[in-house]
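J.: Quick one: structure below, then a few questions.
Here, each number is a calculation from the coordinates, and none is a lab measurement. From a predicted model like this one, the values you see are computed outputs, not experimental measurements. Cβ placement follows ideal geometry from the backbone for every residue including glycine, while neighbour counts extend to all protein chains displayed.
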Amino acid sequence: MQRRAYIRIWLKDGMTVICNPETETASPRRKRRLLIKSFAAIGALAMVWAIAGIFLYVSPPADEPEHADVVFVLGPPDQRMSYAEQLMQQGYAPTLVVSSPVGKDGKYQADVCAAHRPYRIICFNPDPFTTQGEARALRDLSSQYGWKSANVLTAQFHVTRARVIVTRCYEGDLHMIAYRRGLPPVSLTNPTNTWAYQYVYQTAAFVKVAIHPDC
């Protein structure tokens, strides 16, 4: 039978306190174990998140461009516009639609909106200026022009979430095309142009998509 060691302490007022040294030292040990387990759990969740992000944001399932009624470019109209124009030059659609903000002068900020091309160009400023607003615009423009199919172009880290939102509004033949960008993991000079930022932003935006399941 195992004996437990106790210490008897006599106080000045005549009271006696009996304490177990093992119990006194066990509490800090439990706290350390709990802290280690907490950090391990956080690390495991971070690892799962990082791995899931590879399939959701870095290299998500995307479609190859197909001949369709329209090439529809989700904003902002940045480097992806060069790829959009390549698709138009290759004859993937007769119409290019671009989501673009409007400047203080009342003109669309995307340069292609004022350009002359052998194909039709339609620019619009979605309300609200979100993926949901753009999906609604695709729905409305498709109804107006009779489009039955669309190549929707966006950055690869946006493809998965955009597909969910667009399919809620658009019932035609949809091809989600990824414009693949190379981003640094982190950056002190341009923190929003990094994978760290996109992981956080896109994940938070997915939560919003789950909360608001309508078109």
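J.: Among the numbered criteria (1) without any contact (Cβ under 8 Å) to a residue 60 or more places away in the chain; (2) closer than 23 Å to ILE121 by Cα; (3) under 13 Å from the mean Cα position of the chain (by Cα), which single criterion is violated by VAL207?
T.: All conditions are met except number (2).
J.: Looking at (1) farther than 25 Å from MET47 by Cβ; (2) among the small types (Gly, Ala, Ser); (3) under 12 Å from the mean Cα position of the chain (by Cα), which is the one condition that is false for SER149?
T.: Result: SER149 fails condition (3) only.
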